[in-house]
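Right, one structure below, let's go through it.
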Amino acid sequence: MKTLAFLILFCCGLAQAATIYKYVDANGNVTYTNVPIRGAQPITLNPISSYPGRKAGSSVGKPAASGSYPSVDADTQKQRDNGRRKILETELANEQKALAAAQKALADGKATRLGDEARNYQKYLDRVKKLQDEVTDREKNVAALKDELGQP
């Protein structure tokens, strides 16, 4: 058993240390292989690093130079922010209308039983549960939009 484990580890080690060959055929097609072919040239590859190298003079935690990020003047940024705020306020108003409609539908749905719901109480509960879930979803959306806008 120990011999088998050693053999497996040995073979894995050989696979990692295999030589890579580059072969160019008469048509100019390039083939890379680990099997030696007549006329193929062995190539040397640097080991692959799983960590990106740091540039000289850079430090961890230090933001990149301002030249690597696009810069926008304050007026343009303010216009963008105002546009985004206007979009969020419109979404909030629409979501509040949808919430009011969902709350009305829930109140109406609780007040009446449809068709055979008088005999099958579970159908009534299932329908009201869907209406309640809709109200809950709308409330969560309104809360998220208010949070995004910085409103209490």
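None of the figures in this text is laboratory data; all of them are computed from the coordinates on show. Worth saying up front: this structure is predicted, and the values here are computed from it rather than measured. Every residue, glycine among them, receives a Cβ derived from its backbone with ideal geometry; neighbour counts consider all protein chains shown.
Fully extending the segment from Lys123 to Gln96, taken as 0.36 nm per residue of separation minus the present Cα-Cα distance, adds 6.9 nm. Backbone N atoms of segment 117-152 closer than 19 Å to the 7 Å Cα→Cβ label point of Gln103 belong to residues 128-147, 151-152.
Computed over the alpha-carbon pairs of segment 99-141, the distance histogram in 10 Å steps reads 33, 47, 18, 2 percent, short to long.
Of the trypsin sites (Lys or Arg not before Pro) found in segment 108-152, those in coil by DSSP whose Cβ has at most 14 other Cβ atoms within 10 Å are Arg119. Under 20 Å of direct C-alpha separation, and excluding same-chain neighbours fewer than eight residues apart, Lys97 reaches these aspartates and glutamates: Glu89, Asp108, Asp133, Glu134, Asp137, Glu139, Asp147, Glu148.
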